[in-house]
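Worksheet for the structure shown next.
The values are calculated or read from the model by the stated rules, or taken from the named source; none is laboratory data. None of the values given here were measured: they were computed from a predicted structure. Note that we place each Cβ from the backbone using ideal geometry, even for glycine, and neighbour counts take in every protein chain shown. Remember, those area values only see protein heavy atoms, side chains included, never the ligands or the DNA or RNA. Shrake-Rupley method; radii C 1.70, N 1.55, O 1.52, S 1.80 Å.
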Amino acid sequence: MNIRMKENMTSGDDNKRGVSFIEQMVINDLAEGENGNRIQTRFPPEPNGYLHIGHAKAICLDFGLAEKYNGTCNLRFDDTNPSREDVEFVDSIQEDIQWLGFKWDNVYYASDYFQQLYDFAIELIRKGHAYVDEQSSELIAAQKGTPTQPGIESPYRNRPVEENLDLFHRMNCGEYAEGSMTLRAKIDMASANMHFRDPIIYRIIRTPHHRTGTKWKIYPMYDFAHGQSDYFEGVTHSWCTLEFEVHRPLYDYFIDLLKGDTDYRPRQTEFNRLNLTYTVMSKRKLLQLVKENLVNGWDDPRMPTICGFRRRGYTPASIRAFIDKIGYTKFDGTVEMALLEYSIREDLNATARRVAAVINPVKLIITNYPEGKTEMMESVNNPEDPSAGVHEIAFSRELYIEREDFMENAPGKYYRLTPGQEVRLRCAYIIKCTGCRKNEAGEVEEVYAEYDPQTKSGMPESNRKVKGTIHWVSVPHALPAEVRLYDRLFTIENPADEKDRDIRDLLNPDSLKILTNCYVEADLASARPYDHFQFQRIGYFNLDPDSKDGKLVFNRTVSLKDTWNKISKI
């Protein structure tokens, strides 16, 4: 199922208000005075990689609704597996959230609650709700049974409480190797819910933790740490993607044991995750792309990471608008990349400054224009925003134009430069092509034309109509630039479905083209990394951080129009 527009699981009245089923739940809870009219959410990423566009959907929900309804949203790092986590990822996650325009009320870590979780585990052991198992994880998994067949009880399931307490203590003291022992919840090996069949809640990990060092040798599993951390913090609404729906009964089970007779409890609700065409969201596959140098790092503009989109030139406003368009439902589907591209075009069309750039140049010589003369022409910064004003661009006898804007033997309805035909040079003069010069290989090296001095933009004769307008930059004033043309990383619409194929076979060989012989107008000398521009008639670009003095590097954010669908359907 491909999704183009927002889908909301709401009633007719709710649709009129434009709220998702999750937001309607918040509205209802506030109306009924639930949790003392308090809204508290959390965004709980594991710091084991960089955030991707799917995480942006959760960020907009967790932070957005808390902000809208005067609630609290905390950032909580699920740092329960030190073998895969790093401070680098903690820093990048914070940077991405702030870039999207959100602020957390507090920063917490699951490791803040290690002692409380350990004490709760001790309580479970004392009450007969947990036991130490000495079987391997593979054997435990094999004993789980099937949805239609009960599991097999561990031979250690009924060992004495005091023995379990002693072993659990010694596990944390570092007496046992990784994988040799686990702590399992003692629930029901015949439960229809496979997650209730004595799940592992603690395992041994000997890797030092990035915050707690070597204090702990045992670490809680996600299902044991997540709900309890919500409870310790006072979270009212715990939102997760649909794959966690089957985990919710276990979430509630542990909280029931933890909270006792108190009224407060966090409530978990699930929504559909973001799946995007021509993209993978799997952290494992994204890590493979980075480690095998199939892309140039986590912030490669072809990556679906938030930092990748930022480097490519996407804006926070465009991503938030995209998330708002697709909405939150209970139905999984795949969103077309074209909708995300529409969102950035919509934003940049309204905000990006228009500039001149030539990415495949050929020299144009205006033979009747005075040698050595320079004129400054006014160029509108953004026709969608009159308040953006104008800037000046130098005009001279020798210009660079796009090679595709000249054709010696042109077919009918070709309205650009061809011998005997007139075009307007944007914000300058009308010219008539008089011919060209070729090299020995037959390639055009120079194009010749004559200008009409009475047709300068703004002059009375400038209203003379011609069918074509082309852009240009002045040869003596232009700045050399490198232009990187990015396209979709994969050639097939749903690469995640191709589980049996090597990911390298699915890559688009044309996802990056680097053009080194490009020229941009001189005004771009003052551009700063991440500044956005529309290269007239070409597309939207931003200045890459690789740029240095004397070497400008621009990334194509998106073309002016969606050409991919046309190409893919040929």
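Here r is the Cβ-Cβ distance between residue 502 and residue 463 and R0 is 41 Å; the resulting FRET efficiency, rounded to 0.05, is 0.10. Tally up the carbon and sulfur contribution to the accessible surface of region 74-199 as a whole percent, 1.4 Å probe, everything protein left in place. Carbon and sulfur: 48 percent of the exposed surface of region 74-199. The 1.4 Å probe gives accessible areas that order 170, 311, 42, largest first, as 170, 311, 42. Looking at region 100-179, the GluC sites (Glu not before Pro) that sit in a DSSP loop and have at most 16 other Cβ atoms within 10 Å of their own Cβ are 134, 153, 175, 178.
Does region 370-511 come out rounded, prolate or oblate by the C-alpha gyration tensor, with a ≥ b ≥ c the root eigenvalues, rounded set by a/c under 1.5 and, if not, prolate when a/b is larger than b/c and oblate if not? Prolate, because a/c is 1.5 or more and a/b exceeds b/c. The overall shape of region 287-351 is oblate: from the C-alpha gyration tensor, with semi-axes ordered a ≥ b ≥ c, the ratio a/c is 1.5 or greater and a/b is no larger than b/c.
Between residue 392 and residue 452, residue separation times 0.36 nm minus the direct Cα-Cα distance comes to 19.5 nm. Residue separation of residue 440 and residue 530 scaled by 0.36 nm, minus their Cα-Cα distance, works out to 28.2 nm of gained length.
Remark: region 435-542 carries 53 Å² of accessible area per residue (probe radius 1.4 Å; ligands, DNA and RNA excluded). For residue 76, the residues whose amide H sits under 5 Å from its own are 43, 108, ignoring neighbours fewer than 5 places away on the same chain, with H placed 1.01 Å from N. Split the accessible area of region 236-284 by element, probe 1.4 Å, and carbon with sulfur accounts for 50%. Between residue 107 and residue 206, the simple spin-label model (points 7 angstrom out along Cα→Cβ) gives 3.2 nm. Here the accessible area is traced with a 1.4 Å probe on the protein chains. For region 417-570, carbon and sulfur cover 47 percent of it. Here are labelled values, (1) 1.25; (2) 0.90; (3) 1.13, and one is the computed Cα Rg over 2.2 N^0.38 Å for what I pasted. Which one? Correct label, based on the coordinates given: (1). Every helix of 4 or more DSSP H residues in the chain counts as -39500 (n - 2.57), and over all residues that averages to -8000 deg cm²/dmol at 222 nm. Which whole-angstrom value gives the distance between the alpha carbon centres of region 246-317 and region 484-542? If we compute the Cα centre of each part, the gap is 24 Å.
Taking 7 Å along the Cα-to-C-beta vector as the label spot, tell me the residue 325-residue 410 distance in nanometres, rounded to one decimal. Placing both labels 7 Å along Cα→Cβ, they lie 3.4 nm apart. Distance between the pseudo-spin-label points of residue 193 and residue 165 (7 Å out from Cα toward the beta carbon): 2.9 nm. The Rg/Rh ratio for region 80-200, using Cα coordinates for both the radius of gyration and the Kirkwood hydrodynamic radius, is 1.08.
Taking the C-alpha atoms only, the angle from helix 87-99 to the longest principal axis of the chain is near 60 degrees.
The calculated FRET efficiency for the pair residue 252 and residue 28, based on their C-beta separation and a Förster distance of 30 Å, comes to about 0.95.
A 1.4 Å probe run over the protein chains yields, for region 182-269, 37 Å² of accessible area per residue, whole-number rounding. Within the full protein context, the accessible area of residue 86 is estimated at about 70 Å² for a probe radius of 1.4 Å. Restricting region 417-495 to trypsin sites (Lys or Arg not before Pro) that sit in a DSSP loop and have at most 13 other Cβ atoms within 10 Å of their own Cβ leaves 464, 465, 467. Taking chymotrypsin sites (Phe, Trp or Tyr not before Pro) across region 329-414, the ones in a DSSP loop with at most 15 further Cβ atoms lying within 10 angstrom of their Cβ are 331, 414.
What does the charge dipole of the chain about its Cα centre add up to, to the nearest 20 debye, if the Cβ of each Lys and Arg holds +1 and the Cβ of each Asp and Glu holds -1?
Roughly 1160 debye for the chain.
Order these peptides, 187-194, 62-69, by their mean beta-carbon neighbour count within 10 angstrom, highest first.
Packing order, densest peptide first, comes out as 62-69, 187-194.
The stretch between residue 148 and residue 282 holds 45.3 nm of extra length on full extension. This uses 0.36 nm per residue minus the Cα-Cα distance.
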